[in-house]
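Values in this text are rule-based calculations from the coordinates and carry no lab data. Fair warning: this is a prediction, and the values are worked out from it, not measured in the lab. Methodologically, a virtual Cβ is constructed for each residue, glycine included, from the backbone with ideal geometry; neighbour enumeration extends over all protein chains shown.
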């Protein structure tokens with residue numbers, strides 16, 4: 001029994017990573033109605049930027065804020081330059097665009113900073129949290145920041161005019177235009193916010209998985225899975241989904257025989273998909289009714 | 001959690017290719033066919049090998065076109081079917097001594113069953129969710145192939161070497177009257193070409209048949225299709241089965257051409273490449289499959305030639321250029337060309 | 001009386017198909033005009049053309065300013081509110097949020113009091129103001145759509161088949177309110193309808209459209225009294 005609780009706790013700790021990433025994924029999904037496969041790479045690149053600033057002597061929190069602003073602006077720039085021209089193209093073409101963006105960012109990061117693993121600092125320290133062997137202060141800090149982000153997003157969407165406008169633009173774009181909302185800019189804003197949230201995720205994850213250009217690839221998949229599990233329309237669901245995915249991954253690795261590190265991913269995905277077959281809109285998502 | 005459900009009246013996510021635009025015109029088809037038949041006679045063996053791979057990946061993209069462009073089901077997992085086909089051929093050839101040509105129908109059948117079975121749980125998924133499920137399949141396959149349990153058959157991490165077949169005695173005999181000899185590569189190429197043409201014709205007819213119309217009805221509006229009496233479950237799984245079968249045959253041909261199979265040759269990267277091939281060729285446009293195949297074979301090499309350190313970035317930039325200029329892929333180019341020809345004739 | 005909206009030689013296209021052919025009409029400020037016609041005649045297309053939601057050629061002027069070069073959202077900001085076919089309610093948001101969205105382009109001042117005024121016009125909305133809009137009945141959603149449009153404080157309101165799918169008694173109430181709004185808030189109204197009888201009762205001016213062309217125009221009461229016109233074009 002103790003092993004089980006330990007594994008669950010450990011799963012929650014790693015799950016914080018996925019929860020954070022899943023928030024960024026849901027953010028972009030709310031804005032543009034599909035998933036951006038390059039989001040992990042954008043987060044990775046932002047993290048490298050912050051690392052570079054620190055190499056140049058900028059203190060941690062200064063680098064953090066600058067990176068946040070840079071990511072926000074970068075997300076908007078990428079949308080305006082690369083994806084606005086594709087606005088009328090079919091969805092699958094957009095997906096090809098995301099893949100192209102992935103390749104470009106990954107390659108550039110590799111060239112600029114090479115593929116050797118780098119240490120990345122944490123503002124929370126890495127001592128055991130409250131004496132527990134399973135959760136470090138950094139992981140606790142991650143969970144705390146993720147929850148804060150979630151609250152901030154909730155307040156933004158529910159209580160601000162801009163948040164209301166964004167929700168409207170994503171929900172019924174034509175009606176949003178008919179109340180005077182510039183839906184095109186709402187999409188750009190959504191990208192900016194998703195990029196900013198992604199950069200926070202990256203800067204929190206890097207101390208754990210170490211900084212290198214491929215660090216987000218695995219995390220992104222789990223982030224997607226978590227977002228889908230939680231329900232793509234629910235930021236709260238995304239966070240819960242993230243923790244659940246962390247737990248599932250850990251338990252699968254511990255209890256299912258023959259599952260080494262390599263099979264953890266497909267097994268976790270398979271379990272998530274099983275949930276989806278039962279609850280197609282995810283655990284907390286709004287059920288989607290399709291009309292002919 | 002609200003009581004209100006999101007009501008979605010969706011435009012089809014995948015656009016239809018009009019029926020008359022589904023294939024190349026007779027003239028263009030013959031021209032392409034002539035090129036495919038004649039070019040190998042004049043080039044070196046390595047180029048012939050590349051042309052064989054062009055056909056092989058073309059088949060795999062064609063299969064994806066049937067699945068996505070035809071029945072509207074999104075798949076990032078084709079690499080799994082390709083791998084199963086490849087390994088089936090390899091195992092039958094190396095462990096059971098079967099003739100290479102006979103392994104292909106077996107590979108096709110096994111993959112058909114595999115695809116059909118996978119299609120069952122996939123019935124309840126669509127769009128993003130189906131993408132995730134097929135993605136899981138694609139990432140699982142290499143790990144599965146590496147499992148120690150199967151190592152005797154699969155060769156484990158190192159894989160299996162496949163013996164390259166010789167041209168049949170009859171062919172060599174006939175050619176020797178003219179003092180000609182056919183290389184293994186050339187024989188393999190023409191063998192692959194015949195199979196490719198056969199499958200292409202089959203696919204075109206499939207999409208034009210009642211089943212094809214059922215696929216497309218499902219793609220355009222699943223609810224309406226089921227209300228019209230289309231057995232959605234049957235046709236969706238059938239589409240998966242057929243697509244998997246063709247991909248499996250492609251995998252088998254690929255294994256024979258490349259002369260070996262190994263788990264790391266069938267990763268998610270392959271699945272993503274096939275997807276890109278479909279988009280570049282034009283989703284649902286069968287003739288575009290070969291254009292897509294050319295893109296995924298040659299452009300990465302070109303990118304690496306331009307800049308070794310930034311090869312990924314160059315590839316991404318080229319891909320962006322292509323989708324900016326022709327968001328609908330090669331089909332768009334063909335349509336524009338057709339319009340220009342029409343104007344020219346007047 | 002000045003012409004608030006002026007339309008000249010308007011053609012509209014859906015892809016290659018031409019839906020409107022050389023449309024010409026104008027709306028006087030403060031008037032209620034109705035555009036009548038059968039299904040597929042081009043009524044909805046006309047409203048969409050005004051808001052630049054379809055491809056057009058020709059001239060549309062609002063208060064002297066040309067509209068065809070502006071985006072839909074910018075046209076709305078000029079003071080044109082469009083209640084589309086099907087209402088276009090934000091179904092996943094509450095009634096109150098829908099109303100707030102109507103005023104989203106205005107400054108915050110006056111919005112709260114305007115919402116109260118809407119609740120005075122439509123008491124049932126006040127009852128349901130925290131409910132999700134998608135749970136409202138058809139008639140209630142139509143009222144919500146009209147209220148949302150009014151939150152813009154528009155000078156011109158376009159309504160696309162507001163009676164569609166609603167019980168006659170609800171339609172009567174709705175049209176009564178529209179008349180009231182026109183008189184008290186000085187909102188110019190263009191209402192597109194299949195239900196000709198009711199529309200002609202509240203309108204000053206009427207146009208009849210058939211296959212993308214205006215075939216009849218005149219004072220609403222004259223058209224309503226003209227039996228031939230009614231039988232040929234309006235079906236009653």
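Taking only the Cα atoms of segment A:41-181, how large is their convex hull per residue, in Å³?
Numbers: hull volume 24.2 nm³, N = 141.
Taking the convex hull of the Cα positions in segment A:41-181, it is 172 Å³ per residue.
Normalised by residue count, segment B:180-244 yields a Cα convex hull volume of 80 Å³ per residue. An oblate overall shape is assigned to segment A:66-120, the ratio a/c of its alpha-carbon gyration tensor axes (a ≥ b ≥ c) being 1.5 or greater and a/b not exceeding b/c. The calculated P(r) of chain B, using every Cα pair and 10 Å bins from 0, goes 5, 23, 32, 25, 11, 3, 0, 0, 0 in percent.
Which values, in whole Å and largest first, are the semi-axes of the equivalent ellipsoid of segment B:45-181 obtained as the square root of 5 times each eigenvalue of the Cα gyration tensor?
On the way: eigenvalues 217, 81, 33 Å².
Each semi-axis is √(5λ); the values are 33, 20, 13 Å.
In a solvent-free Debye calculation with one equal scatterer on each Cα, what is log10 I(q)/I(0) for segment B:272-346 at q = 0.15, 0.19, 0.24, 0.28 Å⁻¹, listed in the order of the q values? The calculated log intensity ratios at q = 0.15, 0.19, 0.24, 0.28 Å⁻¹ are -0.54, -0.76, -1.02, -1.20.
Scattering from segment C:31-87 was approximated by placing one identical point on each alpha carbon and applying the Debye formula without solvent; log10 I(q)/I(0) at 0.22, 0.29 1/Å stands at -0.97, -1.37. The length gained on full extension between residue C:59 and residue C:164, counted as 0.36 nm times the residue separation minus their Cα-Cα distance, comes to 34.8 nm.
Considering every Cα-Cα pair within chain A, what fraction, in whole percent, is farther apart than 33 Å?
On the way: 9036 of 42486 pairs.
Tail fraction, whole percent: 21.
Both numbers refer to the Cα atoms of segment A:112-152; Rg and Dmax are 13.6, 40 Å.
Against the main long axis of the alpha-carbon atoms of chain C, helix C:111-121 sits at an angle near 70°. Each label was represented as a point 7 Å from its Cα along the Cα-to-Cβ direction; for residue B:34 and residue C:219 these points are 7.7 nm apart.
Arrange the following residues from fewest to most other Cβ atoms within 10 Å of their Cβ: C:51, A:108, B:111. Before the final figure, lay out the partial values.
Values: C:51 23, A:108 19, B:111 30.
Least crowded to most crowded, the residues run A:108, C:51, B:111.
In terms of its Cα atoms, chain C spans 47, 39, 36 Å along the principal axes, sorted from long to short.
Could you work out the relative contact order of chain A? I mean the mean sequence separation of Cα pairs under 8 Å and 6+ apart, divided by the number of residues, in percent.
Relative contact order for chain A comes out at 37 percent.
Size descriptors for segment A:191-258 (Cα atoms only): Rg and Dmax, in that order, 13.3, 43 Å. The fewest-to-most ranking of A:54, B:93 by surrounding Cβ atoms within 10 Å reads A:54, B:93. If R0 equals 51 Å, the separation of the Cβ atoms of residue B:157 and residue C:71 corresponds to a calculated FRET efficiency of about 0.30. Annotation: the antiparallel percentage among DSSP beta bridges lying fully within the protein assembly as shown is about 55. Using bins of 5 Å that start at zero, the share of Cα-Cα pairs per bin across segment B:228-327 amounts to 2, 11, 14, 22, 18, 14, 10, 5, 2, 1, 0, 0, in whole %. Shown here is the pair-distance distribution of segment A:152-218: with all Cα-Cα distances grouped in 10 Å bins from zero up to the longest one, the shares run 19, 38, 22, 18, 3 percent.
Overall, the anisotropy analysis places segment A:174-291 in the oblate class: the square-rooted eigenvalues a ≥ b ≥ c of its C-alpha gyration tensor yield a/c not less than 1.5, with a/b not exceeding b/c. Contact order for chain C, expressed relative to its length and based on alpha carbon pairs under 8 Å spaced 6+ residues apart, stands at 27 percent.
First check a/c for segment A:83-150, with a ≥ b ≥ c the square roots of the eigenvalues of its C-alpha gyration tensor; if it is under 1.5, answer rounded, and if not, answer prolate when a/b is larger than b/c or oblate otherwise. Because a/c hits 1.5 or more and a/b fails to exceed b/c, segment A:83-150 counts as oblate.
As a rough footprinting exposure proxy, the listed residues A:167, C:230 were ranked by other beta carbons within 10 Å of their own, and the order from fewest upward is C:230, A:167. Within the listed set B:168, B:300, B:287, the residue fluctuating most in the Gaussian network model of chain B (springs between alpha-carbon atoms under 10 angstrom) is B:168. Over segment B:297-337, consider all pairs of different Cα atoms and compute the Kirkwood hydrodynamic radius from their mean reciprocal separation; express it in Å, one decimal. With all distinct Cα pairs of segment B:297-337 included, I get 10.9 Å.
Enclosing the Cα atoms of segment A:1-52 in their convex hull gives a volume equal to 99 cubic angstrom per residue.
Contact order for segment C:132-198, expressed relative to its length and based on alpha carbon pairs under 8 Å spaced 6+ residues apart, stands at 39 percent.
Considering all alpha-carbon pairs of the protein assembly as shown, what whole percent are spaced by more than 35 angstrom?
Numbers: 221023 of 381501 pairs.
Result: 58 percent of Cα pairs exceed 35 Å.
In this structure, residue C:197 and residue C:85 have a Cβ-Cβ separation that, at R0 = 22 Å, corresponds to a calculated FRET efficiency of about 0.65.
The three principal axes of the C-alpha atoms in segment B:145-231 carry coordinate ranges of 63, 46, 15 Å, sorted with the longest axis first.
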